[in-house]
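Let me begin by presenting the structure, written as structure tokens, before commenting on it.
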Amino acid sequence: MVSFSFKGRSGAPERFGVRAGWSRDTVIGMADVQPIKDFSDYIAGALGTDLTGSTVALGELTLELEANKLLKVLAYLRDDVNCQFKILLDICGVDFPERERRFDVVYHMLSLTQNLRARLKVQPGENTPVPSAVELFSAAGWWEREAWDLYGIFFAGNPDLRRILTDYGFEGHPLRKDFPLTGYVEVRYDDEQKRVVYEPVKLTQDFRNFDFLSPWEGILQELPGDDKATVGEDDEAAVKADK
């Protein structure tokens with residue numbers, strides 16, 4: 001295996017491993033190409049039909065794939081000597097209610113060795129499970145719990161798929177776009193029962209008379225100090241009367 005150094009986007013020297021079979025002319029030529037484009041071509045060539053799409057936009061690499069290929073692609077990006085995306089930064093969801101495959105599940109990965117990031121996108125339906133990545137990245141456990149809690153995306157194989165941000169008795173998934181802004185229940189502390197109670201949301205409001213006048217025009221009663229404002233006016237009126 002051959003490796004060489006070049007200046008990446010940050011200007012710092014980077015290491016890019018080159019597999020056997022690549023000529024030195026190829027290696028030297030690659031040093032003049034933007035690193036993220038090299039990765040895009042290299043990964044697309046290596047994974048082939050395991051990907052449904054690969055794009056580079058604004059200096060960021062995005063890979064699209066089917067859910068059943070997720071673990072294979074994650075393992076490849078982590079273990080391949082030319083990639084080494086060993087850090088899973090986060091897993092997040094995006095909701096598109098009008099789409100047949102309602103959700104995007106997005107994985108952000110970081111390679112410290114190559115000083116590059118990669119984004120993976122999977123598009124499951126509302127009732128389609130996504131394979132859990134816990135066996136490859138232990139940090140995925142909490143990210144998957146969060147996506148399950150807030151979006152209702154099910155991760156098959158997660159050993160502890162419980163809610164993590166909402167209460168255990170919470171109804172629905174609050175980051176879905178069809179979730180009501182008011183929610184379904186409200187929480188308050190009951191002083192008589194000495195505990196927190198859950199009640200259906202009540203938005204009723206007692207009848208009120210709203211005063212839309214300016215606060216300076218709406219005050220009719222005399223305030224302390226207002227009498228001083230009329231002293232000069234009374235004196236001026238008395239002088240005019242004497243004339």
Vicinal HN-Hα couplings computed from phi for region 157-168 (Karplus, 6.51 cos²θ - 1.76 cosθ + 1.60; Hz; Gly/Pro x): x, 5, x, 8, 7, 10, 4, 10, 10, 9, 6, 5
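Kindly state, to the nearest 0.05, the FRET efficiency for residue 139 paired with residue 101, given R0 = 22 Å and r defined as their beta-carbon distance. Show your work: numbers first, answer last.
Numbers: r = 26 Å, r/R0 = 1.16.
Plugging the Cβ-Cβ distance into 1/(1 + (r/R0)^6) gives 0.30.
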On the formula 1/(1 + (r/R0)^6), with r taken between the Cβ atoms of residue 80 and residue 188 and R0 of 41 Å, the FRET efficiency rounded to 0.05 is 0.15
Taking region 34-114, which GluC sites (Glu not before Pro) meet the DSSP loop condition and have no more than 11 other C-beta atoms within 10 Å? 98, 100
Starting from the Cα-Cα distance between residue 90 and residue 121, subtract it from 0.36 nm times their residue separation and give me the gain in nm to one decimal. 9.9 nm
Run the simple label-point estimate for residue 160 and residue 56 please: 7 Å along Cα→C-beta, distance reported in nm. 4.0
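Where a number appears in this text, it was derived from the coordinates with a stated rule and is not lab data. Source: prediction; values computed, not measured. Counting neighbours? That spans all protein chains shown, and the Cβs are built from the backbone with ideal geometry, glycine included.
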